[in-house]
Each structure stands twice: as structure tokens, then as C-alpha cells.
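The values are calculated or read from the model by the stated rules, or taken from the named source; none is laboratory data. Source: prediction; values computed, not measured. A quick note on method: Cβ atoms are made from the backbone with ideal geometry, for glycine too, and the neighbour counts reach across all protein chains shown. Just the protein is used for accessible areas: all its heavy atoms, side chains included, with ligands, DNA and RNA removed. Shrake-Rupley method; radii C 1.70, N 1.55, O 1.52, S 1.80 Å.
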Amino acid sequence: MSDAVLEPLTIVEIQRRVGAELERIGSVIDELGALFDGAGEELALVGGPVRDAMIGRLQNDLDFTTSARPEVTERLVAGWADAVWDMGREFGTIGCRKGEWQVEITTYRSETYDPASRNPDVSFGDSLAGDLGRRDFSVNSMAVRVPGREFVDPHGGIVDLAERVLRTPGTPEQSFSDDPLRMMRAARFAAQLGFTVAPEVVEAMTAMAARIEIISAERVRDELVKLVCAPHPRLGLTLLVETGLAEHVLPELPALALERDEHHRHKDVYEHTLTVLEQSIDLEHRLGGGPDFVARFAALMHDVGKPRTRRFEAGGIVTFHHHDVVGAKLTRKRMKALRFSNHDIDAVSTLVELHLRFHGYGSGEWTDSAVRRYVRDAGDQLERLHILTRADCTTRNQRKADRLRRTYDSLEERIARLGEEEELASIRPDLDGNQIMGILGIGPGREVGQAYAFLLELRMEEGPKSPEEAEAALRAWWAGRG
């Protein structure tokens with residue numbers, strides 16, 4: 001799905017767009033449709049591709065549904081496609097490629113969840129109408145029969161698309177009982193397309209929020225990533241919080257809605273966090289690519305340590321000492337529970353732990369060694385740390401905001417200068433382990449590690465040294481031990 005919010009469209013404009021898109025892909029859908037029709041089977045383009053064709057954003061991935069069982073589908077496409085693969089025969093899905101098109105063909109099906117199961121019970125259906133009725137939302141429950149190109153819309157999806165509203169084909173209670181993950185998809189589509197979620201859908205999400213707990217962590221994680229990487233994640237995240245779903249999938253987020261102290265001397269942490277996320281997105285161009293999950297999730301999690309560290313002190317002062325360290329631990333724990341990769345867990349946790357470091361910089365009092373440490377500790381997350389630190393300024397005091405921006409500009413300039421001079425990103429001691437052992441006349445062991453640590457500390461404090469200077473310092477350290 002495209003990452004731009006859907007603009008308002010009339011039904012006439014939607015019909016014009018879908019006609020143009022179907023013409024563009026006519027050769028592939030008509031050929032495939034003729035294959036199935038000749039074998040006495042039904043085939044229809046379905047779901048997301050139909051929706052995306054209607055808004056002029058059809059990609060190269062085409063989803064079809066068919067009356068054919070998977071073994072029949074595989075046989076029919078074998079001589080037509082450039083490549084064929086089994087994507088999940090037990091779920092009725094065969095994949096193939098034809099030129100630039102990636103195709104998935106799935107047998108008509110219905111799937112429901114046993115209340116105690118994390119996985120769907122899949123059974124094959126026997127009609128297109130039944131298949132469309134089991135889908136998540138009406139805008140995804142439209143189809144185009146091929147090769148005849150007959151439009152099928154039994155649940156008013158085209159009207160909902162024009163009105164930018166998200167409804168379910170049947171009752172939302174039945175839809176969410178069949179697959180509770182659809183509640184998170186509702187939030188994701190709101191964030192991706194700027195849709196309004198129908199009141200009855202919101203009501204059902206609120207009443208059934210706890211049912212999300214039967215869904216596997218991996219499926220919840222994947223939906224959360226899509227939501228966070230959408231163009232307007234605030235819309236989806238707000239819906240998760242307001243319906244109570246966030247309490248089950250990301251409880252650290254609603255916990256940020258701290259009650260304000262009577263003097264109103266600290267910010268609304270929840271609203272501050274959503275603003276930091278949006279400001280982080282505005283700076284994402286610095287990373288050179290599209291939506292960056294690590295940067296966005298770090299912005300979302302950067303203050304999750306505040307509820308546990310909040311203290312009220314004399315004079316109405318509110319403090320959050322060490323919320324960076326506590327927040328990093330909470331972030332790591334939550335991401336492990338959601339089965340994120342170790343790489344993503346380490347990256348996001350590092351950013352959360354370092355997000356306050358800059359505030360020790362003052363007006364530029366850091367020594368060069370302190371700047372080196374900042375770079376070393378950030379490692380390959382330095383650019384994302386720049387983004388998070390800048391985004392974390394949400395003050396309405398323009399003078400203060402300008403001063404913080406200029407100060408961080410200064411820090412980045414120092415990092416760039418030192419980087420040119422010293423290759424900061426790959427700081428190493430001026431002598432390696434073999435040289436240390438040769439100079440000191442020792443073999444591998446703990447003492448080599450101690451010497452290495454001494455030289456690294458020296459490098460951080462004083463910058464690069466010549467081999468002769470490093471050797472002299474090493475010998476003096478060795479002689480003075482003990």
C-alpha cells in the first residue's frame with residue numbers, strides 16, 4: 001500500500017481510476033482468467049489490489065481468489081507463469097511470477113479462531129460471495145471477476161472508500177471474533193490512509209480488546225510495524241490507546257498519559273511523545289530512505305521510563321531521574337516480548353538510553369573526549385540519535401528552541417570535524433593486541449585486555465597518537481601498575 005494519505009474521491013472518479021488500472025494489467029488478468037475459465041474454475045482479482053486500483057495506486061502484487069483447490073491452481077499456472085512456488089498449501093495459497101507481476105492465488109476460504117488458539121482454523125469455501133464476506137473490511141471485500149472484468153461489491157466497499165470510512169462486511173463483533181488481529185488492522189488502515197473508523201467498529205474494538213491476546217506476538221509485531229511506519233501513525237496509535245488495545249500490545253504507551261500535577265509543571269508525556277514521533281518523521285529525510293521503523297519506535301519509546309521514575313519534590317518540582325536507563329530496559333523487555341530481532345532491540349534500546357546525553361553538553365562545554373564518547377556510544381545509531389535528540393525538543397518557547405537547535409548544530413559540526421581528523425566511527429587504540437603483547441613481552445590473557453582498555457581510554461581522552469607515543473604511554477602504564 002502507498003504511504004500517502006488518500007485524498008477524497010467521488011465514486012465516478014474511483015470508477016474511472018479502476019478502469020484505467022484494469023486496462024494497464026489487462027493482459028495478465030485476462031490470460032490468467034481464461035486459463036481458469038477453460039478449466040471450469042472461477043477466478044477473481046480481490047482485496048487490496050482492487051482497492052488500490054480504485055485509488056490509482058496498484059502495485060505489482062496481484063491477489064486472486066478462486067474456486068480451484070491449490071493442486072489444481074498449481075497445475076493451471078505451471079505452463080503459464082515464469083516461476084511457481086507453494087506459499088502455504090494448507091491455507092490454499094499458490095504463488096507465481098509472470099514478467100513483472102507477483103501473483104498469489106488462494107482458494108475460496110473461511111477461517112475462524114478457536115477461543116484458546118493463536119492460529120486460524122482454515123476451511124475451503126465454495127463461493128466468491130462467501131469468501132468476500134469473511135474478509136476484514138468492506139474496502140477490502142471487493143473483487144473483479146476475470147476474464148470478464150465483472151465488478152463484485154456485495155458490502156458497499158466502493159461507497160466506504162469514497163467516504164473514507166472503515167466498516168466490516170458483517171458485524172464487527174463477528175469479524176473480530178474470526179480474527180482479532182483485524183482490530184489492529186483497523187488502526188493501521190486509519191494511519192495509512194487517513195480513514196475514519198466507523199463508531200460501531202470502535203465500540204467492538206473497545207469491548208473485545210482483550211481478545212487480541214490470543215494472537216501470536218509475531219503477527220501483532222508485524223501490524224505494529226506497519227502502523228508505526230504509516231504516514232500518520234498518531235491516528236492509529238491514538239485509536240489503540242482509546243480502545244484499550246494498547247494496554248495489551250504496547251502498555252507502555254497509555255502509561256505515558258500521567259495525571260498532571262496540580263501546578264502543571266511538567267508536560268503531558270503522552271502528547272509530548274506523539275509530537276516527538278511526528279517531529280522525528282519530519283527529520284527522516286536525513287536517513288536517505290523511506291519510513292524508518294527504528295527511528296520512529298525509538299521516538300515512541302524514548303520516555304517510557306518516566307512513569308516509573310516520577311517523583312514529586314519540594315516546591316512542586318517533578319523529576320524523572322534515570323528515566324533514560326529505566327526506559328531502555330522497558331523497551332528491551334517489550335521488544336523481546338514482541339519477538340523483534342536482536343538488531344532492532346539493540347538499536348532502539350541504545351537510542352532510548354542515549355536520548356538525554358546531549359543535555360550535558362550545555363552551551364558547548366564538552367571536551368573533545370566527551371564528543372568522542374558520544375560518537376562511540378551511539379555507534380551505528382548516531383544519525384538516528386541526532387534525529388531523536390532534535391525531535392525531543394517540543395518547547396513552545398521559540399527562543400529556547402532556537403538555542404537548542406543552534407547548540408546541537410554546533411555539536412554536529414564538532415563531530416564532523418573530529419570525524420574528518422580521527423575517523424571517529426571506528427575508534428580503536430593506537431596499538432592492537434599483537435603489538436601490545438610484543439612490546440610488553442606477554443602472551444594472550446587478561447593483562448592484554450587491560451592494556452587494550454587503557455589505550456582505548458587514552459585514545460578517547462587525548463585523541464590519536466603516533467606509534468612511538470602510544471608505546472611510551474603503554475610502557476609507563478605497565479611500569480606503574482600495582
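Observations, loosely collected:
- Any chance residue 407 is surrounded by 14 or more Cβ atoms within 10 Å (Cβ to Cβ), touching a residue at least 40 places away in the same chain (Cβ under 8 Å) and among the polar types (S, T, N, Q): yes
- Tally, over region 166-179, of residues that are in contact with a strand residue (DSSP E or B) (Cβ under 7 Å, 6 or more places away or on another chain) and at pLDDT 95 or above: 1
- For region 129-151, the set of residues classified as modelled with pLDDT under 95, over 32 Å from the mean Cα position of the chain (by Cα) and either exposed (fewer than 13 other Cβ atoms within 10 Å of the Cβ) or not in a loop (DSSP other than H, G, I, E, B) (or both) consists of 129, 130, 148, 150, 151, listed by residue number.
- Some residue of region 428-439 being outside any helix (DSSP H, G or I) and in contact with a Pro (Cβ under 9 Å, 6 or more places away or on another chain): yes
- Tally, over region 427-482, of residues that are under 17 Å from residue 369 (Cα atoms) and open to solvent by 60 Å² or more (accessible area, probe 1.4 Å): 5
- Cβ-Cβ contacts under 6 Å between residues 6 or more apart (or on different chains), taken from a first residue in region 451-475 that is in contact (Cβ under 8 Å) with a residue 12 or more places away in the chain and assigned to a helix (DSSP H, G or I) to a second residue that is among the basic types (Lys, Arg) and open to solvent by less than 50 Å² (accessible area, probe 1.4 Å), are listed as 460/372.
- Within region 302-317, considering residues that are modelled with pLDDT of 80 or more and open to solvent by less than 60 Å² (accessible area, probe 1.4 Å), the one nearest to residue 384 (Cα to Cα): 302
- When we screen 73, 65 for residues that are part of a helix (DSSP H, G or I), modelled with pLDDT of 95 or more and within 29 Å of residue 223 (Cβ to Cβ), the only hit is 73.
- The set of residues from region 18-35 being touching a helix residue (DSSP H, G or I) at 6+ places or on another chain (Cβ under 6 Å) and either open to solvent by less than 40 Å² (accessible area, probe 1.4 Å) or among the basic types (Lys, Arg) (or both) comprises 18, 21.
- Residue 353 being closer than 22 Å to residue 333 by Cβ, open to solvent by 60 Å² or more (accessible area, probe 1.4 Å) and of a type outside the set (S, T, N, Q): yes
- Pairs, first farther than 26 Å from residue 215 by Cβ in region 320-348, second part of a loop (DSSP other than H, G, I, E, B) and open to solvent by 40 Å² or more (accessible area, probe 1.4 Å), C-beta under 7 Å, six or more apart: 324/356
- Residue within region 390-408 that is under 30 Å from residue 300 (Cβ atoms), assigned to a helix (DSSP H, G or I), touching a Leu at 6+ places or on another chain (Cβ under 8 Å) and not hydrophobic (A, V, I, L, M, F, W, C) present: yes
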